[in-house]
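Notes for the one structure printed next.
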Amino acid sequence: MLNFMRVETKCNNCGSYISFWTWAEDRIKLAMDKGEFLELRCKSCKKSGKYHVNELRAEPNKFLRLFVVLLMLVVTGVVFYFIYDILFYSTSVYSVYIVGVLVFPSIAYGILIRDLRLKRNAFNWPKLNEHN
């Protein structure tokens with residue numbers, strides 16, 4: 001699920017963005033799967049054109065990011081609901097550990113967002129050598 005990326009380029013005719021989804025982790029794998037030149041059709045001007053894989057850029061997966069944020073908020077809210085009494089009305093030393101449980105979703109969110117950024121950079125950084 002995390003490798004599913006939106007890849008985009010600008011239309012050579014009208015300048016609108018052309019995007020599509022791919023499972024390829026980088027340009028090299030995309031070129032191996034679909035070829036070095038991809039035939040893409042612009043939704044704005046309806047013109048097709050060939051685009052080299054070096055002209056493509058991976059963009060952040062906004063749907064996955066939104067899903068992770070919502071999941072983090074729900075998990076934090078549920079955990080907070082169940083440990084509210086222990087956290088605020090207890091003089092136990094274990095209440096310090098419970099705060100760690102509340103911080104865990106934020107740490108998981110940071111790790112997932114970093115992973116998405118690294119995958120996007122891994123796609124965008126290496127370029128294919130052109131031997132034409």
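The values are calculated or read from the model by the stated rules, or taken from the named source; none is laboratory data. All values reported here derive from a predicted model rather than from experimental measurement. Cβ coordinates were reconstructed from backbone atoms using ideal geometry, including for glycine residues, and neighbour counts include every protein chain displayed.
Looking only at the range 52-68, how many residues end up being surrounded by 14 or more Cβ atoms within 10 Å (Cβ to Cβ), within 17 Å of LEU116 (Cα to Cα) and either modelled with pLDDT of 80 or more or touching a strand residue (DSSP E or B) at 6+ places or on another chain (Cβ under 9 Å) (or both)?
Number satisfying all stated conditions: 7.
Those residues that are modelled with pLDDT under 75, of a type in the set (Asp, Glu) and in a helix (DSSP H, G or I), I need them from the range 76-132; list them, please.
ASP85
Among the residues of the range 1-30, how many are part of a helix (DSSP H, G or I) and without any contact (Cβ under 8 Å) to a residue 24 or more places away in the chain?
Residues flagged as part of a helix (DSSP H, G or I) and without any contact (Cβ under 8 Å) to a residue 24 or more places away in the chain within the range 1-30 amount to 1.
Could you go through the range 31-51 and let me know if any residue there is assigned to a helix (DSSP H, G or I) and touching a residue at least 40 places away in the same chain (Cβ under 8 Å).
yes
Only residues that are exposed (fewer than 13 other Cβ atoms within 10 Å of the Cβ) and under 23 Å from the mean Cα position of the chain (by Cα): list them for the range 21-42, please.
Hits for the range 21-42 are TRP21, TRP23, MET32, ASP33.
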